[in-house]
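We did not get these values from a lab; they are worked out from the coordinates using the rules stated. For clarity, every value in this text was computed on a predicted model and none was experimentally measured. Virtual Cβ from ideal backbone geometry, glycine too; neighbours counted across all protein chains shown.
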Amino acid sequence: MGRYILQRLIDAVPTVLLSLTLVFAALRILPGDPAVAMLGDRAPIEQIEAFRHKVGLDQSLPMQYVNFLAEVATGNFGRSLANDTPITQLLADNLPYTLELTGFATLISLLIGIPIGIISAVAHGRLPDHVARLFGLAGYCIPDFFLGALFMLYFGLHLDLLPVMGGGTGFPDRMLHLVMPAATIGLVMAAFLSRLTRSAMLEVLRFDYIRTARAKGLSTWLVITKHALRNAMIPIVTGIGIYILSALSGSIAIELVFSRPGLGQLMIGAVEARDFPIVQATITMFALFVVVVNLMVDVAYAVINPRVRTGEA
């Protein structure tokens, strides 16, 4: 397993470099001059040139690229152009909120989506299956930001049970502020995951070894958990990885809906303020998240199916 993980880490290096290169190129090919966008069209040329020198925009593109990679490697993304705050500090202040939201939303989706998918597959064609499929269809139809607004209106304003906006201060308060945003993303993810689990389980339940296990007198619970679910986990884990990345991207909209701190809120504010270094840093963080999640999925494959480590599967 150690060798397999090391190989995956080595394989991830080109992916990280490619992701960082795309981030760098995307921000450089956008129309307009960041210095002019930040200072305004009427700013004196001397002030614009001084600004470009301050942020390194007067250097050649290869030198800017090298400096960008050095910033990522050292974790030093410079300072905000708007308020001169170290970007590392801004990331440290906002990153925990995004990780909390994504983590709890994923947990909700796993606790709800996988059991519903299993029940739907076992009860194929019966009432529980129809109800589960209706739940999955609702997840496709209802946007997460719309569901978040409904939660705000009902649980926040009508029942006054949960705080509507902000991220909270202190652990209990932060958990209360996390409930509605995490439930919003988690329920949508659970709907997708239930459909994926159902499809994977239906495919496995048709195999001969499942019939053999049942013929031997094994309980339905043991057949489902030990034989069927484990062999259905590869596509499910793939879907979980995709949905985690979807939760990361969806957190941007949800953070705006609930006025919640986080990387999404930080990035949108930086775009509005034309704060070029913060935009670059936040997009880089999201790109690195994609690489890390994909690496975690690869490791999960090896845990579920040991043949993956030797290349036999």
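Things worth noting here:
- Length gained when the stretch Thr85-Glu46 is fully extended (0.36 nm per residue, less Cα-Cα span): 11.7 nm
- For the chain, the residue among Ala12, Gly250, Ile48 whose Cα projects farthest onto the positive side of the dipole built from Cβ charges is Ala12.
- If R0 is 25 Å, the Cβ-Cβ spacing of Val179 and Tyr140 corresponds to a FRET efficiency of close to 0.60.
- Residue among Phe68, Phe276, Ile108 farthest towards the positive dipole end of the chain, charges placed on Cβ: Ile108
- Mean Kyte hydropathy of 0.5 or more with a Cα span along the axis of at least 27 Å, helices from DSSP in the chain: 2-29, 87-122, 171-205, 230-257, 276-304
- A protection proxy built from the mean count of other Cβ atoms within 10 Å ranks the segments 66-73, 44-51, most packed first, as 66-73, 44-51.
- Equivalent ellipsoid dimensions for segment 31-74 as semi-axes, Å, which come from the Cα gyration tensor, largest first: 23, 10, 9
- Long-range amide H partners of Arg79 with built H, under 5 Å: Ile87
- Electrostatic bookkeeping for Leu248 treats Lys and Arg as +1 and Asp and Glu as -1; over the other residues with beta carbon under 15 Å from its beta carbon, the sum is -2.
- One chain, two ends: Ala92 and Trp221. Fully extended at 0.36 nm per residue, the span grows by 42.0 nm beyond their Cα-Cα distance.
- Charging the Cβ of each Asp and Glu at -1 and of each Lys and Arg at +1, and nothing else, the dipole of the chain about its Cα centre rounds to 1640 debye.
- Neighbours of Ser80 by Cβ distance under 15 Å: Lys/Arg scored +1, Asp/Glu scored -1, total -2.
- Arg211/His130 FRET efficiency (R0 25 Å; Cβ-Cβ; nearest 0.05): 0.50
- For the chain, the mean residue ellipticity at 222 nm estimated from helices alone is -25000 deg cm²/dmol, where every DSSP H run of n ≥ 4 contributes -39500 (n - 2.57) and the total is divided by all residues, rounded to the nearest 500.
- Dipole magnitude of segment 172-313, debye to nearest 20 (Cβ charges: Lys/Arg +1, Asp/Glu -1, about Cα centre): 800
- Taking a Cβ cut-off of under 14 Å around Met267, the surrounding Lys, Arg, Asp and Glu residues balance to a net charge of -2, with basic ones at +1 and acidic ones at -1.
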